[in-house]
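Values quoted throughout were computed directly from the atomic coordinates according to the rules given, and no laboratory measurement underlies them. These figures come from a predicted structure and were not determined experimentally. Ideal geometry is used to build each Cβ from the backbone, glycine not excepted, and the neighbour counts take in all protein chains shown.
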């Protein structure tokens with residue numbers, strides 16, 4: 001099925017995925033931002049009502065054709081061993097992403113990409129992205145489908 005492209009409406013958004021290294025004692029936390037274009041972004045916004053009050057229940061799911069990944073995908077353990085972290089991307093619990101462009105919700109940002117030191121931002125990159133742009137999520141699920149090769153990543 002090489003060359004077969006998953007058809008569908010809505011593959012017109014872009015996100016920036018941030019993979020992280022470091023962050024433990026003695027190692028600087030560094031992020032590696034990779035822009036992914038031609039993705040489908042699906043948002044679920046709502047509130048969960050709990051006995052202790054409201055709990056934000058916003059979720060985001062992004063669908064990415066394999067052929068639209070600008071770099072190779074690596075499993076997390078292999079990605080961490082890459083000498084050039086920007087030559088690949090991974091999806092794990094340390095991955096965050098931001099919706100950079102999605103017309104129907106008015107998201108139109110130019111988020112930083114490349115190698116980024118967490119110390120470059122007063123409260124860290126995640127807090128900066130959340131405050132400056134919104135629509136910032138931590139990856140909670142990552143599934144690959146091979147029949148029509150694509151990734152689905154979910155975040156909260």
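Pairs of alpha carbons in the chain separated by more than 24 Å make up 35% of all such pairs. For residue 148, put the label point 7 Å out on the Cα→Cβ axis and report which residues of segment 63-86 keep their amide N under 20 Å from it. Backbone N within reach: 63-70.
Can you sort 31, 79 from fewest to most other Cβ atoms within 10 Å of each residue's own Cβ? The partial results should precede the final answer.
Values: 31 29, 79 21.
Fewest-to-most ranking of 31, 79: 79, 31.
In the chain, helical runs assigned H by DSSP with n ≥ 4 each contribute -39500 (n - 2.57); averaged across all residues and rounded to the nearest 500, the mean residue ellipticity at 222 nm is -2000 deg cm²/dmol. Each part reduced to its alpha carbon centroid, segment 70-97 and segment 139-156 end up 15 Å apart.
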